[in-house]
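What follows is one structure encoded as structure tokens, with my remarks underneath.
The values are calculated or read from the model by the stated rules, or taken from the named source; none is laboratory data. Bear in mind that the values here come from a model prediction, so they are computed numbers and not experimental data. Cβ placement follows ideal geometry from the backbone for every residue including glycine, while neighbour counts extend to all protein chains displayed.
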Protein chains: 2
Amino acid sequence: MIMDDPFGQDRLGILGGMGSEATAHFLRTLAQRSSVAADQEHVPFALLSCPEIPDRSSAVETGDARVPAMIHARLRQLEQAGCGAVAIPCNTAHYWRHDFTASLQVPLIDMVSVTAERAARLGARNAVVLGTRSTIRYRLYDAALKGFGIQPIEVSDEVVHSTHCAIALAKSGNLDSSSKQLAYSLAASRALHPDIIILGCTELPMVLPAATKDADLIDSTTCLADACIHWWRSRLELASERTNLTCLQLDR
Amino acid sequence: MIMDDPFGQDRLGILGGMGSEATAHFLRTLAQRSSVAADQEHVPFALLSCPEIPDRSSAVETGDARVPAMIHARLRQLEQAGCGAVAIPCNTAHYWRHDFTASLQVPLIDMVSVTAERAARLGARNAVVLGTRSTIRYRLYDAALKGFGIQPIEVSDEVVHSTHCAIALAKSGNLDSSSKQLAYSLAASRALHPDIIILGCTELPMVLPAATKDADLIDSTTCLADACIHWWRSRLELASERTNLTCLQLDR
């Protein structure tokens, strides 16, 4: 009986609020990329929105262990609520992803991995990553990109700063000003002639100037949404195979 | 210690997925209407997204009791997870709101009431309500509007149908076609010269044609978001008053 299911049973677990509007944008992307005809075909999920978690970029820079501990505790709650996998629509939080993965029983759908994989599938040999100060300076994407044979291209301090401003403006609701800062970051990145530019912060796809939605951009929000949909549908198919299992007649 | 908090402790509880993109639009509205400068000032919430809940409009028409029972069970789970209030960004589900309210210990932030109250504050003496077939035909808003002295204006079967099409198209991701159906509903409603038109379905604000965002429209999604923000901030102020309480020195 569905009413007796635990809170998050078999659902996707999402840890959101980093930031809140970026989480809403992720959920919109999740709904739109599902391309379904009716309400009932969408991905079911439990979302814990925790805007109180302090700034992730500063925590990476200062080594403040409270922040990954808070994220980890909330992921554990999603797991304990019965969720079958967890996802975090915040790139910077993935700085501690190996620690989270090591102590969770359920899979973390890793935004950095699935985004790097998309870059590889598009044939990129090198890439610029735009994100928070710490995502760029602490090279969040480097290992994942190199694992696919993709060379990360370093950006200037000006691009780190304009991208930081784009993110801070988006978080404070100044979407138009944010778009302009992002446009500067994109133009300066393109001057380096990368095969691919990765939007490695969930605030950025939300403020992407319409004219710049080009083939050289990979949006980590869309990559995570696609991976979540894939996880859910694989799980559904598995459940359906189990239901349809017809055993050999061994008693003939 | 925040890590020991129960799952939804003191948070807003949201029952979503009816439909999924409308829920994302509600969360975007919640974030934008909060008008805050940093991540940490947003409303924290636990969201259970249950797209599997069957069509609410059909359930009202056929009297299928399973649907309100499913909604009720999920609201109870949000309550049991520690949420301090619950909200449902789906107007049609409010058909059973008095049953939900009667059996919950925490308040249900009632979308129909807060939307009718907004119409009253704007000085409306009469109103057209656009929503699902059952929201219009079963007069979901009538009692709340009349409670504020506002006379509901009946719409034609054509408007019921075009609005139904707008909602179904939005649910299937055809936002442009949906907008056109809604534009027809709005034009036909305006021909009745209402003081106010209420967008009484969470799919509709999402597809509102830009040119029709006029002063005669009240958007139930925005009204619910504002009421949720108000609930959260009142709660914060109450907590702050408790913390700052200075007792009389009775032992002098």
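Going by what's in this entry, would B:Ala69 be described as over 25 Å from A:Leu30 (Cα atoms), part of a helix (DSSP H, G or I), without any contact (Cβ under 8 Å) to a residue 24 or more places away in the chain and not acidic (Asp, Glu)?
On the way: over 25 Å from A:Leu30 (Cα atoms): yes; part of a helix (DSSP H, G or I): yes; without any contact (Cβ under 8 Å) to a residue 24 or more places away in the chain: yes; not acidic (Asp, Glu): yes.
In short, yes.
Counting just the residues of the stretch A:1-21 that are assigned to a helix (DSSP H, G or I) and either surrounded by fewer than 24 Cβ atoms within 10 Å (Cβ to Cβ) or touching a strand residue (DSSP E or B) at 6+ places or on another chain (Cβ under 8 Å) (or both), which one comes out modelled with the highest pLDDT?
Going through the stretch A:1-21, the residues assigned to a helix (DSSP H, G or I) turn out to be A:2-4, A:20-21.
Of the ones still in play, those that are also either surrounded by fewer than 24 Cβ atoms within 10 Å (Cβ to Cβ) or touching a strand residue (DSSP E or B) at 6+ places or on another chain (Cβ under 8 Å) (or both) are A:2-4, A:20.
Numbers: A:Ile2: 40, A:Met3: 46, A:Asp4: 56, A:Ser20: 97.
Among those residues, the one meeting the criterion is A:Ser20.
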*Is the stretch B:115-122 home to any residue that is surrounded by fewer than 15 Cβ atoms within 10 Å (Cβ to Cβ), closer than 20 Å to B:Leu199 by Cα and touching a residue at least 24 places away in the same chain (Cβ under 8 Å)?*
yes
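Go through the stretch B:167-202 and count every residue that is aliphatic (A, V, I, L, M) and within 14 Å of chain A (Cβ to nearest Cβ). Don't jump to the end; show me each part of the working.
Applying the first criterion (aliphatic (A, V, I, L, M)) to the stretch B:167-202 yields B:167-170, B:175, B:182-183, B:186-188, B:191-192, B:196-199.
Filter again for within 14 Å of chain A (Cβ to nearest Cβ), leaving B:167-170, B:175.
Number of matching residues: 5.
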*Specify the residue that is surrounded by the most Cβ atoms within 10 Å (Cβ to Cβ); the eligible residues are those in the stretch A:186-238 that are farther than 17 Å from A:Asp110 by Cβ and touching a His at 6+ places or on another chain (Cβ under 9 Å).*
A:Glu203
*Filter the stretch B:25-46 down to residues that are facing another protein chain (nearest Cβ under 7 Å) and touching a His at 6+ places or on another chain (Cβ under 8 Å) and give me whichever is surrounded by the fewest Cβ atoms within 10 Å (Cβ to Cβ).*
B:Arg28
*The listed residue being assigned to a helix (DSSP H, G or I) and among the acidic types (Asp, Glu), out of A:Glu158, A:Glu154*: A:Glu158
_B:Glu79, sole failed condition from (1) crowded, with 16+ Cβ neighbours inside 10 Å; (2) among the acidic types (Asp, Glu); (3) more than 7 Å from chain A (Cβ to nearest Cβ); (4) in contact with a Pro (Cβ under 9 Å, 6 or more places away or on another chain)_ = (4)
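Per-residue answers, yes or no, for (1) assigned to a helix (DSSP H, G or I); (2) free of Cβ contacts under 8 Å to residues at least 60 places away in the same chain; (3) out of contact with any Leu (no Cβ under 9 Å at 6 or more places or on another chain); (4) not charged (D, E, K, R):
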residue	(1), (2), (3), (4)
B:Val128	no, no, no, yes
B:Ala143	yes, yes, yes, yes
B:Ser162	yes, yes, no, yes
B:Ile167	yes, yes, no, yes
B:Ile197	no, no, no, yes
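Would a scan of the stretch A:53-64 turn up a residue that is part of a loop (DSSP other than H, G, I, E, B), acidic (Asp, Glu) and within 11 Å of chain B (Cβ to nearest Cβ)?
Our first condition is that a residue be part of a loop (DSSP other than H, G, I, E, B); within the stretch A:53-64, this holds for A:53-55, A:63-64.
After this cut, where a residue has to be acidic (Asp, Glu) as well, the list is A:55, A:64.
Checking the rest, the ones that are also within 11 Å of chain B (Cβ to nearest Cβ) come to A:55.
Yes, the stretch A:53-64 contains a residue that is part of a loop (DSSP other than H, G, I, E, B), acidic (Asp, Glu) and within 11 Å of chain B (Cβ to nearest Cβ).
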*asked:* For A:Val43, only one of the following conditions fails: (1) in contact (Cβ under 8 Å) with a residue 24 or more places away in the chain; (2) under 18 Å from A:Asp99 (Cβ atoms); (3) among the β-branched types (Val, Ile, Thr). What is its number?
replied: (2)
